[in-house]
Amino acid sequence: MTYEPTIIAFLCNWCSYTGADLAGTSRMKYASNINIIRVMCSGRIEPMFVLSAFREGADGVLICGCHPGDCHYHEGNYKCLRRFHLLQKYLTQMGLNEERMRLEWISASEGKQFAELADDFTEKIRSLGPCKLKETAETLT
Amino acid sequence: MEEIRIGVYICWCGTNIAKMVDVEDVARELSEMPDVVIAKDYKYMCSDPGQDLIIKDIKKHNLNRIVVSACSPRIHELTFRRTLENAGLNPYMFQMANIREQVSWVHDDRIKATKKAKALVAAAINRIKWHESLDKRTVSINPSTLVIGGGIAGITAALELADTGSQVFLVEKERKLGGNMAKIDLTFPYLNSAQQIINEKIDRIEHHPNIRIFRNTVIDEIFGYIGNFNSTIGQNGTEAELKFGNIIVATGLKSFDPSGIKNYGYGKLPDVITSLEFEQMLLNGKILTKEGKEPANVAIIHCVGSRNSDEHEYCSRTCCMSALKYANQLRSAIPEVNIYQAYADMRAFGKGCEELYCSTSRKDVMFLMFDQQKDLPVIMEAKADDSCKMVIEMNEKLSGERIEIPADLVILMVGLEAQDDAKELARSVGISMCGNSFFMEKHPKLDPVATTTSGVYVVGNCQAPKEIPDAISQAKAATARIMATIKQGEVEVEVITAEVNEDICCGCKTCIQVCPYTAITFDENNSVSVVNEAICKGCGTCGSACPTGAIRSRHFTDNQILSQIKGLMSKSLELNEL
Ligand SMILES: Cc1cc2nc3c(=O)[nH]c(=O)nc-3n(C[C@H](O)[C@H](O)[C@H](O)COP(=O)(O)OP(=O)(O)OC[C@H]3O[C@@H](n4cnc5c(N)ncnc54)[C@H](O)[C@@H]3O)c2cc1C
Ligand code: SF4
Ligand code: SF4
Ligand code: SF4
Ligand code: FES
């Protein structure tokens, strides 16, 4: 059987989740490996959420928020961006390839961009192969 | 703790979901999850029988949590929350799994789509165990309304509201009121006078006791939330502090500037003018070339700046009919003039419009078709011995011939596009824009005048190009919505605010620094942070920044999201292994 990665995507309610919905209403097709979890703002996405996704066995984590300047709460996405950079370093230290996590801005009208991103990221994760974090953590404990 | 009893409902959405997701299989499999009392699939969950099914089950099986797996929560979350309320449950004991917009409509492999649907529903089931009852929060509504933009849409909305006795603040960027309608002579399809209609309305608005007009004014920043907005407006060196409960955005669109299309020579050839400039001629009562002569040949070119990937892909919707209007006006002003309509496709939908097309084509008007995508006509100066001033070369699509049209006056039917400051305005009122820079409505079909920001409405052209009757209908629709909230005196607002656990808070003030709304203050006596719930908008930023975990983001708590992740992953991995 071919390897099918599991990807968790955290999307902010106002722009990105609406953009993903638009991909649906426009009947665009993308990889079914992307599983979306909605948060009100990308600023709500805690490092713990991302780490927990990997810990539970996700092969990739996608984070989407409104474009800079467009956050429904003014600047949640800047906070998210700052945290993202710290998290990238942390993942590398944990031995994870930092490319397993991606941050992109998707506006409410960018259904097409979301569908393309979903496919592109899925292919990236597929090429990286399964993430071993869950197994490693389980053997250690 | 009370026993958790979950009801799970998988919607077919007719065939929308059922054709790509095996809904029965999803229901069967998830009925086996712990704490799930029943799991059912049904044709249309949002229909009355669908909602009744939930209500009956809640009563019969003593359910205390409901998961509906259907369309996007952005469409029906509120519907189902109300269903729960009708059954006597707290509306927040509800979670949706989006298996239409984010599964059946975007995937084309039924097995994979069904698998993903199962994982998303499992995530919702796992999350809902951590849901808790939240109390409704209502805020009072300030009965004043801010209307931004004084075109026909803004004026109509202002009058409508003011006539019910409410205060209206109308802010107009220009000195003159009336927008585009004040710049046109007659209106299609019945050729009524635009001036007569708009001037009567401007006159009423200027003398209305409940309307305060701010001319030459733009809005800088708006604070607050539905029912309780405020803004400081600067005008003539003085500042006014305005308070209002709702906002109507009616900033319209501006005409496309055709200088960039080199085929048309606008700005270089003196007798190539825009439709808006032709309206001015009509208003002045004289159709003349720059040399002061009556034109013998007039060409009207459609779709300038519209329906072309180099400019705007959309149709500006009003120009085809305006072009026909001009043909009629030209025919009556200069009976013997030759009129040429160079069009791409004739769009004559709407009441009275096809009729206008038919009657105009009987008035000796030449209709010539060109390819708007690949082959625009070219306007050139005529040779000295030609009897006309200009010649338009084009490949006529229907005959397949290359032709030359003589012209003394060329009218470019310029499209409509976003105002230059549209983006800044969207930011200051907190609304989104679509790809073509029109303001985005809450839902294109179900909620076309509201926006995703409660208390903010978009009407008229700023939402998309449209003719005057549609702009007026939208204005009236928005005012009806606002009047309903004013009448009730209060509205329900989201309860998903943040909360500080004082026992855990270490007083580091990190949350105060990150909150975009200064909703958090510091209680010096107890050395802890306190959230002001009336100001908090529930973005959750403070919750993710707090180092001690003292902040709970209601309805998006750590436990809720972490269990959602866990539920999703374990189902997904379990199914992968099969
Ligand atoms: C040449 C031409 C001919 C037309 N002919 C017809 C016709 O015959 N029949 C018909 O039905 N329709 C016609 N239309 C379309 C018609 O003009 C529009 O449907 C109508 O004007 C839309 O009204 P509106 O109030 O939404 O926008 P507008 O008329 O565009 O008014 C918007 C107002 O908002 C103001 N504004 C913009 N930004 C701000 C800001 N940031 N702050 C404050 N104020 C702001 C503007 O100055 C303007 O006064 C024609 C359009 C054009 C261009
Ligand atoms: S209304 Fe007619 S002229 Fe205007 S953009 Fe649409 S098709 Fe072109
Ligand atoms: S960030 Fe957390 S610990 Fe620090 S003051 Fe705010 S609530 Fe207290
Ligand atoms: S949730 Fe957002 S708005 Fe509310 S207090 Fe926290 S940071 Fe401020
Ligand atoms: S609301 Fe989209 S990033 Fe803040």
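Table: residues versus (1) within 21 Å of B:Cys434 (Cβ to Cβ); (2) free of Cβ contacts under 8 Å to residues at least 60 places away in the same chain; (3) not polar (S, T, N, Q).
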site: A:Arg44; (1), (2), (3): no, yes, yes
site: A:Met48; (1), (2), (3): no, yes, yes
site: A:Arg55; (1), (2), (3): no, no, yes
site: A:Ala58; (1), (2), (3): no, no, yes
site: A:His85; (1), (2), (3): no, yes, yes
site: A:Tyr90; (1), (2), (3): no, yes, yes
site: A:Ile106; (1), (2), (3): yes, no, yes
site: A:Ser109; (1), (2), (3): yes, no, no
site: A:Ala118; (1), (2), (3): yes, no, yes
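Please verify whether region B:296-303 includes one or more residues that are of a type in the set (A, V, I, L, M), under 17 Å from B:Met390 (Cβ atoms), open to solvent by 20 Å² or more (accessible area, probe 1.4 Å) and away from ligand 4 (no atom under 16 Å from the Cβ).
Kept after step one, since they are of a type in the set (A, V, I, L, M), are these residues of region B:296-303: B:296, B:298-301.
Cutting the leftovers down to under 17 Å from B:Met390 (Cβ atoms) gives us B:296, B:298-301.
Still in the list and also open to solvent by 20 Å² or more (accessible area, probe 1.4 Å): B:296.
After this cut, where a residue has to be away from ligand 4 (no atom under 16 Å from the Cβ) as well, the list is B:296.
Within region B:296-303, one or more residues are of a type in the set (A, V, I, L, M), under 17 Å from B:Met390 (Cβ atoms), open to solvent by 20 Å² or more (accessible area, probe 1.4 Å) and away from ligand 4 (no atom under 16 Å from the Cβ).
Take the residues in region A:103-124 that are more than 14 Å from the chain's Cα centre (by Cα) and in a loop (DSSP other than H, G, I, E, B), then tell me which one is nearest to B:Arg74 (Cα to Cα).
Top of the filtered list is A:Ala108.
Run down B:Lys509, B:Lys537, B:Lys566 and say which single residue is away from ligand 3 (no atom under 16 Å from the Cβ) and farther than 30 Å from A:Glu4 by Cβ. Walk me through how you get there before you give the answer.
Numbers: B:Lys509 fails: away from ligand 3 (no atom under 16 Å from the Cβ); B:Lys566 fails: farther than 30 Å from A:Glu4 by Cβ.
Sole residue among the options that is away from ligand 3 (no atom under 16 Å from the Cβ) and farther than 30 Å from A:Glu4 by Cβ: B:Lys537.
Yes or no: A:Arg100 more than 8 Å from every other protein chain (Cβ to nearest Cβ) and not small (Gly, Ala, Ser)?
So A:Arg100 fits the description; yes.
Would you pick out the residues in region B:246-278 that are part of a helix (DSSP H, G or I), within 12 Å of ligand 1 (Cβ to nearest atom) and surrounded by 22 or more Cβ atoms within 10 Å (Cβ to Cβ)? Please lay out each step first, then the result.
Pass one, region B:246-278, residues part of a helix (DSSP H, G or I): B:258-260, B:262-264, B:275-278.
Going one step further and asking which of them are within 12 Å of ligand 1 (Cβ to nearest atom), we end up with B:275-278.
Selection gives B:Ser275, B:Phe278.
With respect to the numbered conditions (1) open to solvent by 40 Å² or more (accessible area, probe 1.4 Å); (2) within 12 Å of another protein chain (Cβ to nearest Cβ); (3) touching a residue at least 40 places away in the same chain (Cβ under 8 Å), which one is the sole condition not fulfilled by B:Thr548?
(2)
Scanning for something over 16 Å from A:Gly76 (Cβ atoms), away from ligand 5 (no atom under 16 Å from the Cβ), within 10 Å of chain A (Cβ to nearest Cβ) and among the charged types (D, E, K, R), does region B:520-542 turn up at least one residue?
no
Among the residues of region B:312-319, is any away from ligand 1 (no atom under 16 Å from the Cβ), within 14 Å of chain A (Cβ to nearest Cβ) and open to solvent by 50 Å² or more (accessible area, probe 1.4 Å)? Walk me through how you get there before you give the answer.
Residues of region B:312-319 that are away from ligand 1 (no atom under 16 Å from the Cβ), as a first pass: B:313.
Narrowing further to those that are within 14 Å of chain A (Cβ to nearest Cβ): B:313.
Filter once more, so that each one left must be open to solvent by 50 Å² or more (accessible area, probe 1.4 Å): B:313.
There is at least one residue in region B:312-319 that is away from ligand 1 (no atom under 16 Å from the Cβ), within 14 Å of chain A (Cβ to nearest Cβ) and open to solvent by 50 Å² or more (accessible area, probe 1.4 Å).
Residue under question is B:Arg175, and the condition is that it be part of a loop (DSSP other than H, G, I, E, B) and outside the structural domain of B:Leu356 (by TED's automatic domain parsing); does it hold?
For B:Arg175, the condition - part of a loop (DSSP other than H, G, I, E, B) and outside the structural domain of B:Leu356 (by TED's automatic domain parsing) - is met.
Return a yes/no flag: does region B:339-358 have any residue that is within 25 Å of B:Cys388 (Cα to Cα), part of a loop (DSSP other than H, G, I, E, B) and open to solvent by less than 40 Å² (accessible area, probe 1.4 Å).
First, the residues of region B:339-358 that are within 25 Å of B:Cys388 (Cα to Cα): B:339-344.
Those left that are additionally part of a loop (DSSP other than H, G, I, E, B): B:344.
Still in the list and also open to solvent by less than 40 Å² (accessible area, probe 1.4 Å): B:344.
Taking every residue of region B:339-358 in turn, at least one turns out to be within 25 Å of B:Cys388 (Cα to Cα), part of a loop (DSSP other than H, G, I, E, B) and open to solvent by less than 40 Å² (accessible area, probe 1.4 Å).
In a loop (DSSP other than H, G, I, E, B) and without any contact (Cβ under 8 Å) to a residue 12 or more places away in the chain - does that describe any residue in region B:314-326? Full working, then the answer.
To start, the set of residues in region B:314-326 that are in a loop (DSSP other than H, G, I, E, B) comprises B:314-318.
Retained after the next criterion (residues that are without any contact (Cβ under 8 Å) to a residue 12 or more places away in the chain): none.
The answer is no; no qualifying residue exists.
Hey, which of the strands (runs of 3 or more DSSP E) in region B:63-166, taking only ones fully inside, have at least 1 residues that are open to solvent by less than 20 Å² (accessible area, probe 1.4 Å) and within 11 Å of chain A (Cβ to nearest Cβ)? Reasoning before the result, please.
Numbers: elements: B:65-70, B:94-98, B:137-140, B:145-148.
In region B:63-166, B:94-98 are the strands (runs of 3 or more DSSP E) which contain 1 or more residues that are open to solvent by less than 20 Å² (accessible area, probe 1.4 Å) and within 11 Å of chain A (Cβ to nearest Cβ).
For region B:425-500, list the strands (runs of 3 or more DSSP E) that sit wholly inside it and hold at least 2 residues that are surrounded by fewer than 17 Cβ atoms within 10 Å (Cβ to Cβ); which are they?
Per the criteria, B:490-493.
Quick one: what pairs do we get from region A:70-83, first residue within 12 Å of A:Ser107 (Cα to Cα), second within 16 Å of ligand 1 (Cβ to nearest atom), C-beta under 8 Å, 6+ apart or different chains?
Correct list of pairs: A:Asp70/B:Arg427; A:His72/B:Gly430.
The values are calculated or read from the model by the stated rules, or taken from the named source; none is laboratory data. All of these numbers come straight from a predicted model, not from anything done at the bench. All Cβ positions, glycine included, derive from the backbone under ideal geometry; neighbour counts span all protein chains shown. Surface accessibility is based on the protein's heavy atoms, side chains included, excluding ligands, DNA and RNA. Shrake-Rupley method; radii C 1.70, N 1.55, O 1.52, S 1.80 Å.
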